[in-house]
Every structure is written in C-alpha cells, then in structure tokens.
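Engineer: My questions will all concern the structure given below.
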Amino acid sequence: MRWNRMQIAILGGLVWAGSLTLAYADKGISEVWPTVILPEVTTKVRLSNTDVNRLVCPDGIKDVVFSQEKGVKVKITDGNAFLKFQVIKKGEEMIYTEVPSEFYVVCGGDIYSLVGMPQRVPAQTIRLSSGKKQKIQQNLSLFNGMPLEKKILTLIRQTYTDQLPESYEVRVVNRQINLFPVLWMSFTREIVVEGEGLAVREYRVSLKSGTEPVRLTEQEFLRSELTSQPLAVAVDELLLSDGSHSRVFVVERRDPDSPSPMIKQTVDKASGSKKPVFQPVNEEGTDGP
C-alpha cells in the first residue's frame, strides 16, 4: 500500500505528498445490504435461510422478541444472539423459507427493529451499533487532540484503505455524474463523522472512449456540483489513460455554524472564459501545450 505517496491538496495551505498510481478494485457489488444497524429504525437485513446467523451488540443482547410461528429458532449466548430458520422436509425435498420475519432486539438500553429477509446465502453477521450519542462520543475520542490537518489526513487514509470505524456513517450512493466532457464520473459513497462536523465524498473517474490521456488536478474537483464546504481534495492517480481509473476524495466541513461560499469554476480574467478542463498528455507522458 503506497498511501504516503497519494497526492493531497488541503485548502488554506496546500500540502503535497507526491503522486500515487493505484488500480481501482471493482468489487462488482450490485446490491448492498446493511450489516450495521441503528436502534429505533426498522431495517431490512439479509439473513441466511440455510445456516446460523449471528447478531452482535457491544453491550450484550438481553432479549430477542420474534414470532415463533414463522419457524425461527433464537439462542442467546454470551451476549450474542444466534438465529436459525427451520427447514421443512417434504419427502426427499428440503424447503427453505423465504418469508420475512421481524425481530425486536434489546441491547444496551435500546431496541433494534430488524426485518430478516431469508435468502440462500452463507451465514450472516449483523452488528447492532450503539446509538447516535455513543457514536458521537466515539468519534470525538478518535480525533481528540488532533489538529484539523491531521484529522483530514486520517479520514482520507481510513476511506482510502476502507478501514472505517463502526462509529462512522457510511452512505452508499453509486450515482453517475455528468460533469466533465472527457470523464466518466461516479459518486460512490459518502462517509460522515458525526460530532466532528466532517465528511468525505468518494468518487470514481475514468476516461470516456476515444479520449486522449489527461492529467487530473485537484482544483478541477472543487465545484459546486461536487462540494460546497471543501477542506481537502485527494487524487490517487493523476495521469488517466484509456482503461485506467482514479479515486477522488473530497473532505467537507459539515458545521452549519461556519458555512463557506460555494466553489465556482475558475475563470480566465483576460478572456472571461473558463479555463480548459485538465491538461492533455502527449505520447511521451509529458503535458501538452
């Protein structure tokens, strides 16, 4: 992992850390199911209808209320709850249920409401996250004593390596953005750090077919369509050619008491026109004229 060479621009005093070449790993996930849930919000979760599923709570599970008529067995051991859907045998045929079941789980003074969607998948582990107050306290302790610049670098590194604490809120987006004439761009996810007033947006970019190689710049992603209160931009691969991809991370301030103006496109004062989007690269790999 060559994290230390990623190109990062922190606004208000640019901090550069070289450049990084990284092949984007596409996990090919077509549907995302939550595996971490919050209290007092009914959440659909995918459960195995063939194997034993596990519910985990940091404060220990005290009770699970469910409809036994649905053919579900629940056992609580050492603060964990284990769920198993019963299998019906008709002759030589084994019938696995696909009927959703509701579960009300008591943990740490909170009640979690789950709708289990039984499917033919391996055993699932569902984590019951602590309430918002505890999440904020955890986030504050993670960043306690850090200057803002270090907080930004930590958040980008955690997102880049996908090593995110449970207290972060991860929102899967996967939305296409038609902003640049030469680039395909997808808003993949947003990570919010409650209590710190910080968030990071992750984008994936690649060249459109028939486009010559270009060199990306952090400033090109400081646009109102992408961010309104940016603190930093990081790009993992500055040189884009046919078949290559890059990940772009935009760190934002989420403090409504200290808003900053919307970022506007840079305009050439002499001509009054917008500066060109990215710099073309010739065959030798140097910037074009």
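Each reported figure results from applying straightforward, stated rules to the coordinates on display, with no laboratory input. Just so we're clear, the structure is a prediction, and the values are computed from it rather than from any experiment. Note that each Cβ is placed from the backbone with ideal geometry, even for glycine, and that neighbours are counted across all protein chains shown.
Engineer: So how far, in whole Å, is the C-alpha centre of the range 76-90 from the one of the range 145-160?
Structural biologist: 41 Å
Engineer: Val36: net charge of surrounding residues, Cβ under 11 Å, Lys/Arg +1, Asp/Glu -1, itself excluded? Don't jump to the answer; show the numbers that get you there.
Structural biologist: Values: positive: Arg127, Lys135; negative: Glu166, Glu169.
Net of charged neighbours comes to 0.
Engineer: Note down, for the range 39-128, the three equivalent ellipsoid semi-axes (square root of 5 times each alpha carbon gyration tensor eigenvalue), biggest first, whole angstrom. Walk me through the numbers before you get to the answer.
Structural biologist: Working: eigenvalues 114, 30, 25 Å².
Listed largest to smallest, the semi-axes of the range 39-128 are 24, 12, 11 Å.
Engineer: What is the range 39-128's relative contact order, in percent, from Cα pairs under 8 angstrom and six or more apart in sequence?
Structural biologist: Numbers: 220 pairs, mean separation 40.7, N = 90.
So the answer I get is 45 percent.
Engineer: Something else: Order by neighbour count: Met146, Met117, fewest other Cβ atoms within 10 Å first, most last.
Structural biologist: Fewest-to-most Cβ neighbours within 10 Å comes out as Met146, Met117.
Engineer: Quick one: Glu190, Glu98, Glu149, fewest Cβ neighbours within 10 Å first, how do they rank?
Structural biologist: Glu98, Glu149, Glu190
Engineer: Give me the Debye-computed log₁₀ of I(q)/I(0) at q = 0.20, 0.22, 0.23, 0.25 Å⁻¹ for the range 111-202, equal point scatterers on Cα only, no solvent, two decimals.
Structural biologist: Debye curve over Cα of the range 111-202, log10 I(q)/I(0) at q = 0.20, 0.22, 0.23, 0.25 Å⁻¹: -1.05, -1.14, -1.18, -1.27.
Engineer: Sort 173-181, 74-82, 54-62, 86-94 by packing, meaning the average of other beta carbons within 10 Å per residue, with the highest value first.
Structural biologist: Listed from highest to lowest mean packing, they are 54-62, 74-82, 173-181, 86-94.
Engineer: Assuming R0 = 41 Å, can you tell me the calculated FRET efficiency for the pair Ile111 and Leu179, based on Cβ-Cβ distance, to the nearest 0.05?
Structural biologist: Efficiency, rounded to the nearest 0.05: 0.45.
Engineer: Sticking with this one: Are any of the pairs Lys44/Lys75; Lys44/Lys208; Lys44/Lys84; Lys44/Lys133; Lys44/Lys132 more than 25 Å apart by Cα-Cα distance, and if so, which?
Structural biologist: Details: Lys44/Lys75 21 Å; Lys44/Lys208 37 Å; Lys44/Lys84 17 Å; Lys44/Lys133 23 Å; Lys44/Lys132 19 Å.
The pairs that break the limit, which is 25 Å between Cα atoms, are Lys44/Lys208.
Engineer: For the pair Val121 and Glu69, how long in nm is the line joining their label points, each one 7 Å along Cα→Cβ?
Structural biologist: Here the answer is 2.8 nm between the modelled labels.
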